[in-house]
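To start, the structure under review is shown below, and the notes come after it.
The values are calculated or read from the model by the stated rules, or taken from the named source; none is laboratory data. The shown structure was predicted, so the numbers you read here are calculated from the model rather than taken from an experiment. When we count neighbours, we look across all protein chains shown, and the Cβ atoms used for this are built from the backbone with ideal geometry, even at glycine. For accessibility, only protein heavy atoms count, side chains too; no ligands or nucleic acids. Shrake-Rupley method; radii C 1.70, N 1.55, O 1.52, S 1.80 Å.
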Amino acid sequence: MTAPLLEIQTITAGYGAAPVLHEITLSVPPRTIVAVLGANGAGKTTLLRTVSGLLRPTSGAVRLAEEDLARVPVEHRVRRGMAHVPEGRGVVAELTVDENLRLGGLFRTDRRDARRALAEVYTLFEPLARRRGHAGHQLSGGERQMLAIGRALVGRPRLLLLDEPSLGLAPRVTAQLMGLLARLRDDTGLAVLLVEQNVRSALSVADRGVVMSLGRVVREADAALLRDDDALRHAYLGF
Amino acid sequence: MDRIVFLTVDGLSRGAVYAAMALALVLIWRGARIVNFAQGAMAVAAAYAGHSVTAATGSFWLGFLAALAAGLALGWLVERLVMRHVGHDRPLNAVIVALGLVLLITAVLGIVYGNEFRPAPPAFDRTAGFAGLSPYDIFVFLSVAVTVGALAVLFTRTKAGLRLRASAFAPEVSRLLGVNVGGMLLLGWVLAAGVGALAGMLIIPTEFGLHPNAMDRSFVVAFTAAVVGGLDSPLGAVIGGLAVGLVLSFVGGYLGDQVTPLAIIVLLLAVLLIRPDGLFAARAARRI
Ligand SMILES: Nc1ncnc2c1ncn2[C@@H]1O[C@H](COP(=O)(O)OP(=O)(O)OP(=O)(O)O)[C@@H](O)[C@H]1O
Ligand SMILES: [Mg+2]
């Protein structure tokens, strides 16, 4: 067992007085996709926001490669290799495709590799290359999803936090996306914390699965086990 | 005929200054969603600082540069000490704080420099020459053109400009991508205050001289220009400034100066009624 890249240790977090997350503990090793599943309002988005620092936990710790991130501000976490693609994707509508992508590499000191990463993203997502000069708000939902993920990849992250990337995508595009994640994991050692409503797709590529309910982890197991666990699917995932 | 040329040149020359001031308002509005009602007062404070330096050194241009530097520094101070701590969830707070700042700056200037007008000589001759242009008009056009051009290059061609735009449009996403959004906000205030100070240095010598309230009227006009152009649009600010300058020049020239305040209000109301987002507002880009 390799040392985990991301460690979430008994974090409690929320937006006001009442916590939304209750003592969540989970970890993501390198070269691993961990799917986070759960019904609407289970706290999946809140979990990712706490990991990337948009939300401060009231207790507990988030560690990346053994470094405690409590004192690392949001804008420095990307420099440590963490990329968060937020729910609703966060494409900057007023900027062009090219500007959005370059934004993803601005923090990097290795300019040459940032340019190379940008070119790779254009090869990876061919429709983006054809729409370089288009504004973000002119893109289709699928193209926006490519742009948001591509922009994260320009930063060459070690850990990718994805919040419902399949939302609004055609099944075929979702399958391609999952295939891409698996490839990045295998080729580059990328670790992914993948929040999904689309349980089937998520478990098709994930190595591990975590089921959340009402702000708690109620089940954590190998993805293959969760795939076949009918009782669990009925109880928490509703199908 | 001569009169038309004169009114056109004078209108464009003042309009250029209003354009610069409107641009400064737009810079802050885009970055912070605050209408900086204190911009005029800040520019006057910067002009007084320049006045002091000129008095001490005898050099007009040293004073001019000092005023610009003071403008930048004031932008820094106002953002760091005041605006940063105003809750952005309640837009009215920022308005009240900005208005309070106007009172504060005006009062302090009154105490330090007194409330009488001080002469503010123009840098160049203001008598019209070729094509109705005075050397001072040319100086105004060049200064504003260079400033607007430099800002345009900064915002559209540089990494800092990309960061500035991204933080203005999507602060949270920008932070996730490693942009120091707080720093960009500060930079926006500093740039805007610098542009505001330049506008003050250009327009004060064409009016009654230096006085703690010297920019009050110009600020209202520039605010109108910014609203006409659309508070979100830098291009709109520039065109709005020139247009408002022309309108005021012709209204003043043909109907009398006492009518111009009325013309400003009518223009403002007309735009707010017909196109509340301004003539150049980007439509609906955010609403997706
Ligand atoms: N900004 C907020 N302010 C207050 N409460 C919030 C906020 N965002 C989410 N919540 C609450 O926190 C709980 C968890 O929300 P969260 O967005 O994390 O759920 P989720 O699992 O991502 O749901 P979904 O699948 O619908 O995206 C919900 O009860 C929600 O009402
Ligand atoms: Mg969610």
Name the single residue that is farthest from ligand 2 (Cβ to nearest atom) among those in the range A:7-37 being small (Gly, Ala, Ser) and exposed (fewer than 14 other Cβ atoms within 10 Å of the Cβ).
A:ALA17
For the range B:1-54, give me each residue that is open to solvent by 40 Å² or more (accessible area, probe 1.4 Å) and touching a strand residue (DSSP E or B) at 6+ places or on another chain (Cβ under 9 Å).
B:HIS51
Exactly one condition in (1) away from ligand 1 (no atom under 11 Å from the Cβ); (2) at pLDDT below 95 is not met by A:GLY88; state its number.
(1)
In the range B:55-104, the residues that are open to solvent by 60 Å² or more (accessible area, probe 1.4 Å), within 19 Å of the chain's Cα centre (by Cα) and closer than 14 Å to B:LEU198 by Cα:
B:LEU65, B:LEU72
1 or more residues within 13 Å of another protein chain (Cβ to nearest Cβ): qualifying helices (runs of 4 or more DSSP H) within the range A:33-142
A:44-52, A:74-77, A:97-103, A:111-124
Picking from A:ILE33, A:ILE24, which residue would you name as being of a type in the set (Val, Ile, Thr) and within 16 Å of ligand 1 (Cβ to nearest atom)?
A:ILE24
In the range B:150-177, which residue that is open to solvent by 30 Å² or more (accessible area, probe 1.4 Å) and among the small types (Gly, Ala, Ser) is farthest from A:ARG49 (Cα to Cα)?
B:ALA150
Looking only at the range A:101-116, decide whether some residue is touching a strand residue (DSSP E or B) at 6+ places or on another chain (Cβ under 6 Å) and surrounded by fewer than 23 Cβ atoms within 10 Å (Cβ to Cβ).
no
Within the range A:160-170, restricting to residues that are outside any strand (DSSP E or B) and within 12 Å of ligand 2 (Cβ to nearest atom), the one that is farthest from A:ALA35 (Cα to Cα) is A:LEU167
Condition (residue is small (Gly, Ala, Ser) and modelled with pLDDT under 95) applied to the range A:47-58: is it met by at least one residue?
no
May I ask you to verify whether A:LEU194 is under 29 Å from B:ALA170 (Cα atoms), more than 16 Å from the chain's Cα centre (by Cα) and aliphatic (A, V, I, L, M)?
no
Restricting attention to the range A:38-60, which residues are of a type in the set (Val, Ile, Thr) and more than 13 Å from ligand 2 (Cβ to nearest atom)?
A:VAL51, A:THR58
Let me spell it out: the conditions are (1) open to solvent by less than 30 Å² (accessible area, probe 1.4 Å); (2) assigned to a loop (DSSP other than H, G, I, E, B); (3) within 16 Å of ligand 2 (Cβ to nearest atom), and A:PRO157 meets all of them except one. Which number is the exception?
(3)
Can you tell me which residue within the range B:137-193, out of those that are among the hydroxyl-bearing types (Ser, Thr, Tyr) and under 19 Å from the mean Cα position of the chain (by Cα), is farthest from the other protein chains (Cβ to nearest Cβ)?
B:SER143
Within the range A:71-97, residues of a type in the set (D, E, K, R), farther than 15 Å from A:LEU6 by Cβ and open to solvent by less than 40 Å² (accessible area, probe 1.4 Å) come out as A:GLU75, A:ARG89
Of the numbered conditions (1) open to solvent by 10 Å² or more (accessible area, probe 1.4 Å); (2) of a type outside the set (D, E, K, R); (3) outside any strand (DSSP E or B); (4) on the phi < 0 side of the Ramachandran plot, A:LEU181 fails exactly one; give the number of that condition.
(1)
Return the residues of the range A:184-202 that are open to solvent by less than 20 Å² (accessible area, probe 1.4 Å) and within 16 Å of ligand 1 (Cβ to nearest atom); say none if nothing qualifies.
A:LEU193, A:LEU194, A:VAL195, A:GLU196, A:VAL199, A:ALA202
Answer yes or no: is there a residue in the range A:86-103 that is within 16 Å of ligand 2 (Cβ to nearest atom), closer than 23 Å to A:ARG144 by Cβ, out of contact with any helix residue (DSSP H, G or I) (no Cβ under 8 Å at 6 or more places or on another chain) and charged (D, E, K, R).
no
Say we look at the range A:36-67 and pick out the residues that are free of Cβ contacts under 8 Å to residues at least 60 places away in the same chain and of a type in the set (Lys, Arg); which of these is farthest from ligand 1 (Cβ to nearest atom)?
A:ARG63
